[in-house]
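Notes follow once the structure below has been shown.
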Amino acid sequence: GPHVREVQLTGGGVRLVCEQGEELAGDVVVLAPGPGAAPLLAGLGVDVPLRPRLEQVAHVAHRSGTVVSDTLPCWFDGPVGDRPAMYAMATPGVGYKLGVDRPLRDWTLEDTDRSPDEALMGIVRDLVGSDLAGFDPEPFDAQVCCWTESPDNRFVIDTLPGGVVVACGDAGEGFKFSALMGPVLADLAEGLWREQGLRETG
């Protein structure tokens, strides 16, 4: 969709100004802009020291060649010495997803390189070889993605006067928590909408 470059409070709602000049208006807006959160919030007078970064994940397959990972548990292995923390979770129908908690670099809008890092792939191979004996240690894919860290690695969720709900700084875990976050953000948006209605009717 369109790239939103500015959020404007109109006194009776919210206007989104897009890169190509398109404008979208509503009573309430939910801002969950990922790495673009800091500049949008700065335009509203809110300074949150967010840090968007590029991270890497990989998928491994079972040695049998069958997809048996769908029901495997999620797990987290904390950092040990120089080895970074890692997590694993099933991607249904695909394989077992492994994430390495070592950023490739800070994200910038101009940085479009999504080439996987071979050193991080080596860490994945070592972990699978030592701890996941049933899986082929050679990942069959790797993806570089962006996530945004808050100063304490906790979600930033709040409402702003004028009809704005904010959700950012999820450190790559927003999707994992979407079943919870959706209702929370919807409740916050509905609460702002009701407050506006009460103010308008006196």
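The values are calculated or read from the model by the stated rules, or taken from the named source; none is laboratory data. What you are looking at is a predicted structure, and each value in this text was computed from that prediction instead of being measured. Don't worry about glycine lacking a Cβ; one is built from the backbone with ideal geometry, like all the others, and counts go over all protein chains shown. Heavy atoms of the whole protein, side chains included, go into the accessibility calculation; ligands, DNA and RNA do not. Shrake-Rupley method; radii C 1.70, N 1.55, O 1.52, S 1.80 Å.
For the reader, a short list of remarks on this structure follows.
- Scan the stretch 93-116 for residues that are within 21 Å of Gly78 (Cα to Cα) and either among the β-branched types (Val, Ile, Thr) or open to solvent by 60 Å² or more (accessible area, probe 1.4 Å) (or both) and the total you get is 4.
- The residue list Val184, Val166 contains one member that is under 14 Å from the mean Cα position of the chain (by Cα) and more than 26 Å from Arg102 (Cα to Cα), which is Val166.
- Positions within the stretch 13-27 being open to solvent by less than 40 Å² (accessible area, probe 1.4 Å) and either touching a Phe, Trp or Tyr at 6+ places or on another chain (Cβ under 6 Å) or at pLDDT below 90 (or both), in sequence order: Gly13
- From the list Arg83, Arg53, the lone residue that is on the phi < 0 side of the Ramachandran plot and modelled with pLDDT under 85 is Arg83.
- When restricted to residues that are over 29 Å from Val30 (Cβ atoms), assigned to a loop (DSSP other than H, G, I, E, B) and not polar (S, T, N, Q), the stretch 40-70 contains 6.
- Annotation: of all residues in the stretch 163-186 being assigned to a loop (DSSP other than H, G, I, E, B) and open to solvent by 30 Å² or more (accessible area, probe 1.4 Å), the one that is modelled with the lowest pLDDT is Phe175.
- Qualifying residue in the stretch 71-83 (condition: under 22 Å from the mean Cα position of the chain (by Cα) and within 30 Å of Pro39 (Cβ to Cβ)): no
- Within the stretch 22-35, residues that are under 10 Å from Val4 (Cβ atoms) reach partners that are in a loop (DSSP other than H, G, I, E, B) with beta carbons closer than 8 Å, at six or more positions or on different chains, in the pairs Glu22/Pro2; Leu24/Pro2; Val29/Gly163.
- The single condition among (1) at pLDDT 90 or above; (2) part of a helix (DSSP H, G or I) that Ser130 does not satisfy is (1).
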